[in-house]
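Notes follow once the structure below has been shown.
The values are calculated or read from the model by the stated rules, or taken from the named source; none is laboratory data. Here the structure is a predicted model, which means the values were calculated and not measured. Every residue, glycine as well, gets a Cβ built from its backbone with ideal geometry; the counts of neighbours run over all protein chains shown.
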Amino acid sequence: MPREIIPPAAHSFDSNTILIVDDDEAVTQFLQQIIEEETPYHTVVFNNGQTALEQAPSLHPCLLLIDYRLPGINGLELYDRLQQFENTRGIPAIMMSAVLPVNELQQRGLYQLRKPMDVGSVIRMITHALASFEESLWQQRAMQEQYR
């Protein structure tokens with residue numbers, strides 16, 4: 001694998017912070033190591049949804065990686081509540097778990113990453129989520145310019 005993979009989206013966002021929310025320390029260490037060694041992104045890790053909910057808006061993350069089965073509030077509830085804040089509303093999110101509520105994720109436009117994960121699938125999903133988001137932003141800007 002190349003030393004560093006730089007998705008085009010990495011150059012477009014105001015933030016290069018990926019927020020990881022998972023109560024399994026082995027998973028967060030795995031994700032943090034992959035992301036920080038193989039991409040230009042920085043990570044911030046929370047081990048529960050409540051702390052993430054309180055602190056995420058001030059971090060201005062460019063991507064959310066959220067475990068579905070969190071203690072307290074689950075990953076879906078955390079995502080929904082983060083949509084209430086301007087700094088976290090609409091940013092791409094990847095929900096992680098061995099078992100996922102596929103229909104609910106699809107309704108919200110969330111990406112799915114099944115556990116156990118491997119390096120390639122994590123990098124591909126992050127790259128895809130950020131590139132798709134960047135493309136949708138580009139299309140929105142083009143439409144706004146067209147109607148000016």
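Taking the stretch 47-84 only, how many residues are in contact with a Phe, Trp or Tyr (Cβ under 8 Å, 6 or more places away or on another chain) and polar (S, T, N, Q)?
Adding up the residues that qualify gives 2.
Is it the case that A26 is in a helix (DSSP H, G or I), closer than 23 Å to R108 by Cα and out of contact with any Gly (no Cβ under 6 Å at 6 or more places or on another chain)?
no
Out of the stretch 53-99, which residues are in a strand (DSSP E or B) and either of a type in the set (A, V, I, L, M, F, W, C) or more than 12 Å from the chain's Cα centre (by Cα) (or both)?
Answer for the stretch 53-99, where residues must be in a strand (DSSP E or B) and either of a type in the set (A, V, I, L, M, F, W, C) or more than 12 Å from the chain's Cα centre (by Cα) (or both): L63, L64, L65, I66, A93, I94, M95, M96, S97.
Only one of (1) surrounded by 12 or more Cβ atoms within 10 Å (Cβ to Cβ); (2) more than 27 Å from Q29 (Cβ to Cβ) is not met by Q146, so which one is it?
For Q146, the failing item is (1).
Just checking, does the stretch 67-78 include any residue being surrounded by 15 or more Cβ atoms within 10 Å (Cβ to Cβ), touching a residue at least 60 places away in the same chain (Cβ under 8 Å) and more than 19 Å from L137 (Cβ to Cβ)?
no
Considering the stretch 63-97 alone, what residues qualify as being at pLDDT 95 or above and small (G, A, S)?
Selection gives G75, A93, S97.
Scan (1) surrounded by 13 or more Cβ atoms within 10 Å (Cβ to Cβ); (2) part of a helix (DSSP H, G or I); (3) modelled with pLDDT of 95 or more for the single condition Q33 breaks and write down its number.
The single condition Q33 does not satisfy is (1).
H60 versus (1) surrounded by 13 or more Cβ atoms within 10 Å (Cβ to Cβ); (2) of a type outside the set (S, T, N, Q); (3) farther than 13 Å from L19 by Cβ; (4) at pLDDT below 95: which is the lone unmet condition?
(3)
Tell me yes or no: at least one residue of the stretch 108-119 is surrounded by 11 or more Cβ atoms within 10 Å (Cβ to Cβ), under 23 Å from D23 (Cα atoms), touching a Phe, Trp or Tyr at 6+ places or on another chain (Cβ under 6 Å) and not β-branched (V, I, T).
No, the stretch 108-119 contains no residue that is surrounded by 11 or more Cβ atoms within 10 Å (Cβ to Cβ), under 23 Å from D23 (Cα atoms), touching a Phe, Trp or Tyr at 6+ places or on another chain (Cβ under 6 Å) and not β-branched (V, I, T).
Quick check, is I91 surrounded by 12 or more Cβ atoms within 10 Å (Cβ to Cβ), in contact (Cβ under 8 Å) with a residue 40 or more places away in the chain and either farther than 20 Å from A26 by Cα or touching a His at 6+ places or on another chain (Cβ under 8 Å) (or both)?
Spelling it out, I91 is indeed surrounded by 12 or more Cβ atoms within 10 Å (Cβ to Cβ), in contact (Cβ under 8 Å) with a residue 40 or more places away in the chain and either farther than 20 Å from A26 by Cα or touching a His at 6+ places or on another chain (Cβ under 8 Å) (or both).
Got a number for residues in the stretch 100-148 being free of Cβ contacts under 8 Å to residues at least 24 places away in the same chain and not in a helix (DSSP H, G or I)?
Counting residues in the stretch 100-148 that are free of Cβ contacts under 8 Å to residues at least 24 places away in the same chain and not in a helix (DSSP H, G or I) gives 8.
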